[in-house]
Amino acid sequence: MRRTRKTWAPGADDRRLKIALCDYVARSMADTRLSQRVLAARMGASQANLSRVNLLRVEQLTFNQLFRYLLALEPYARLMITRI
């Protein structure tokens with residue numbers, strides 16, 4: 001039996017990590033029970049970007065933005081990134 005190796009599209013790992021970050025940020029946003037407009041003003045972000053986070057549309061979001069949003073919502077958050 002021949003083994004085949006799974007190949008991923010370029011940037012697939014980045015996309016999965018961004019989606020995981022968006023999911024965490026979206027849950028933190030939901031916990032605050034504030035509107036996207038109010039959160040955007042408090043975080044210094046645009047309401048459109050917070051909508052992208054909620055909808056997991058990560059193509060137009062950068063890691064830097066996601067980390068800033070996470071730290072604005074969870075100032076003491078700790079991330080551990082490992083390679084599998």
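The values are calculated or read from the model by the stated rules, or taken from the named source; none is laboratory data. Please read these numbers as outputs of a predicted model, since none were measured by experiment. Positions of Cβ are generated from backbone atoms using ideal geometry, with glycine treated the same way; all protein chains shown enter the neighbour counts.
What the table shows:
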read-out: Residues of segment 42-55 classified as without any contact (Cβ under 8 Å) to a residue 12 or more places away in the chain and aliphatic (A, V, I, L, M), total; value: 2
read-out: Filter result for Leu61 (farther than 25 Å from Arg83 by Cβ and either basic (Lys, Arg) or modelled with pLDDT of 90 or more (or both)); value: no
read-out: First in segment 22-41 and at pLDDT below 95, second anywhere and of a type in the set (S, T, N, Q), Cβ under 7 Å, 6 or more apart; value: Ala26/Asn54; Gln36/Gln47; Gln36/Ser51; Arg37/Gln47; Leu39/Thr32; Ala40/Ser46; Ala40/Gln47
read-out: Residue tally, condition touching a residue at least 40 places away in the same chain (Cβ under 8 Å), surrounded by fewer than 16 Cβ atoms within 10 Å (Cβ to Cβ) and more than 18 Å from Asp14 (Cα to Cα), over segment 56-76; value: 1
read-out: Complete set of residues in segment 62-76 that are outside any helix (DSSP H, G or I) and under 10 Å from Val25 (Cβ atoms); value: Glu74
read-out: In segment 11-55, residue surrounded by the most Cβ atoms within 10 Å (Cβ to Cβ) [restricted to those that are of a type in the set (D, E, K, R) and over 15 Å from the mean Cα position of the chain (by Cα)]; value: Arg42
